[in-house]
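> Got a structure for you, written out below as structure tokens; questions coming shortly.
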Amino acid sequence: MAGARWSERPVVAGLGAGPLALAPDCSLYALDIAYRAAYGGRLAGVDEAGRGPLAGPVVAGAAILAPDDRFDYLDDSKRVTPRRRERLFDEITARAIAWGIGFGSVAEIEAINILQATRQAMARAVAALGDPPQVVLVDAVTFPMAVPQVALVKGDQRSASIAAASILAKVTRDRLMEEYATRFPGYGFERHKGYPTRDHREAVARLGPSPIHRKTFRGVGEFVVVAK
């Protein structure tokens, strides 16, 4: 989309091309500080959870953190214990300037593929922020929007805003999969959250796919019974 910049080394008006000078703070907050200085204070981090599972939606989170706020134990959601993720979720939703959640449904995943559904979920999460950010830091996957974007490899381990978004997405999706476990018993969604564990694959083979399984995914599609 015109106006979108998708490089980790964007050209910033008045600054020229090249890597941004990082603040002396070399923590998880250093990149956020640098990009706020380059683009303005309203910086959003965006990340997703659930691209790899065999079941359930893909969920994206977006977060705009206060520039001077710091969160104890904030990190990539995959490196944080479930209990600490829950605590961080509550802290982020209480203290963030703005936060949003977006979903890519199973039907969308099947219709347009997981990557495009992920991009839609991310765009919806940013839209849920209300006033648009001045720059978006995203964990690797960019998506169409008329706001400068910076795609960071392993961004959830490098940016506090992306890490916060990863917590929002992961906790939201895990809670949803636990609800699905009561609606569709026998698959173990409360344990594996839809990921392709051995127990999950065996359950699909034994029970057939549930309504929330991604029937275009290998490990599910071969067990779909076509009505004659």
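The values are calculated or read from the model by the stated rules, or taken from the named source; none is laboratory data. Keep in mind that what you see is a predicted model, and the values were worked out from it rather than measured. Neighbour counts run over all protein chains shown; Cβ positions are idealised from the backbone, glycine included.
> Collect the residues in the range 79-104 that are of a type outside the set (Gly, Ala, Ser), within 29 Å of Ala37 (Cβ to Cβ) and part of a helix (DSSP H, G or I), keeping them in residue-number order.
Restricting attention to the range 79-104, the residues satisfying the condition of being of a type outside the set (Gly, Ala, Ser) are 79-93, 95, 97, 99, 101, 103.
Those still in the list that are within 29 Å of Ala37 (Cβ to Cβ) too: 79-80, 88-89, 91-93, 95, 97, 99, 101.
Scanning the range 79-104 gives Arg79, Leu88, Phe89, Glu91, Ile92, Thr93, Arg95.
> List the pairs whose first member sits in the range 193-204 and is closer than 15 Å to Gly56 by Cα, whose second member is assigned to a helix (DSSP H, G or I) and at pLDDT below 95, and whose Cβ atoms are under 8 Å apart, counting only residues at least 6 apart or on separate chains?
Sorted first by the residue in the range 193-204, then by its partner, the pairs are Val204/Phe223.
> Which residues, counting only those in the range 133-142, are more than 18 Å from Ile92 (Cα to Cα) and at pLDDT 95 or above?
Hits for the range 133-142 are Gln134, Val135.
> Also, I was wondering about something else. State whether the residues of the range 195-206 include one that is crowded, with 20+ Cβ neighbours inside 10 Å and either of a type in the set (D, E, K, R) or within 30 Å of Ala98 (Cβ to Cβ) (or both).
no
> Let me confirm something: among Val12, Val46, which residue is aliphatic (A, V, I, L, M) and at pLDDT below 95? Even if it seems obvious, please write down each step before you answer.
On the way: Val46 fails: at pLDDT below 95.
The unique qualifying residue is Val12.
> Here are Ala66, Ala117, Ala107, Ala111: which of them is assigned to a helix (DSSP H, G or I), among the small types (Gly, Ala, Ser), over 12 Å from Leu168 (Cβ atoms) and touching a residue at least 24 places away in the same chain (Cβ under 8 Å)?
Ala117
> Only residues that are among the aromatic types (Phe, Trp, Tyr) and in a loop (DSSP other than H, G, I, E, B): list them for the range 206-223, please.
Listed by number, the list holds a single entry, Phe217.
> While we're looking at this one, here's another question. Filter the range 129-142 down to residues that are buried (at least 20 other Cβ atoms within 10 Å of the Cβ) and in a loop (DSSP other than H, G, I, E, B), then give me how many there are.
Matching residues across the range 129-142 total 3.
> Another question about this same structure. Would you mind finding the one in Ala63, Ala121, Ala55, Ala44 that is touching a helix residue (DSSP H, G or I) at 6+ places or on another chain (Cβ under 6 Å), on the phi < 0 side of the Ramachandran plot and surrounded by 18 or more Cβ atoms within 10 Å (Cβ to Cβ)?
Sole residue among the options that is touching a helix residue (DSSP H, G or I) at 6+ places or on another chain (Cβ under 6 Å), on the phi < 0 side of the Ramachandran plot and surrounded by 18 or more Cβ atoms within 10 Å (Cβ to Cβ): Ala63.
> For Ser159, which of the numbered conditions (1) buried (at least 24 other Cβ atoms within 10 Å of the Cβ); (2) touching a Pro at 6+ places or on another chain (Cβ under 8 Å); (3) of a type in the set (Ser, Thr, Tyr) fails to hold?
(2)
> Mind checking which residues of the range 74-85 are surrounded by 15 or more Cβ atoms within 10 Å (Cβ to Cβ) and over 14 Å from Leu28 (Cα atoms)?
Answer for the range 74-85, where residues must be surrounded by 15 or more Cβ atoms within 10 Å (Cβ to Cβ) and over 14 Å from Leu28 (Cα atoms): Val80, Arg84, Arg85.
> Which ones in the range 153-173 are at pLDDT below 95 and either acidic (Asp, Glu) or over 20 Å from Arg124 (Cβ atoms) (or both)?
Within the range 153-173, Val153, Lys154, Asp156, Gln157, Arg158 qualify.
> For the range 164-182, check the following and say yes or no: at least one residue is among the small types (Gly, Ala, Ser), farther than 20 Å from Gly40 by Cβ and not in a helix (DSSP H, G or I). Break it down into steps so the answer makes sense when it comes.
Filtering the range 164-182 down to residues among the small types (Gly, Ala, Ser) leaves 164-166, 169, 181.
Filter once more, keeping what is farther than 20 Å from Gly40 by Cβ: 166, 169, 181.
Filter once more, keeping what is not in a helix (DSSP H, G or I): none.
So far as the range 164-182 goes, no, none of its residues is among the small types (Gly, Ala, Ser), farther than 20 Å from Gly40 by Cβ and not in a helix (DSSP H, G or I).
> Mind checking which residues of the range 188-205 are assigned to a helix (DSSP H, G or I), in contact with a Gly (Cβ under 9 Å, 6 or more places away or on another chain), within 21 Å of Arg175 (Cβ to Cβ) and not acidic (Asp, Glu)?
Phe189, His200, Ala203
> Right, something else. All but one of (1) touching a helix residue (DSSP H, G or I) at 6+ places or on another chain (Cβ under 9 Å); (2) part of a loop (DSSP other than H, G, I, E, B); (3) at pLDDT 95 or above hold for Met145; which doesn't?
(3)
> Restrict the check to the range 209-220 and report whether at least one residue is closer than 12 Å to Ala55 by Cβ, at pLDDT below 95 and touching a helix residue (DSSP H, G or I) at 6+ places or on another chain (Cβ under 6 Å).
Checked against the condition, which is being closer than 12 Å to Ala55 by Cβ, at pLDDT below 95 and touching a helix residue (DSSP H, G or I) at 6+ places or on another chain (Cβ under 6 Å), the range 209-220 yields at least one hit.
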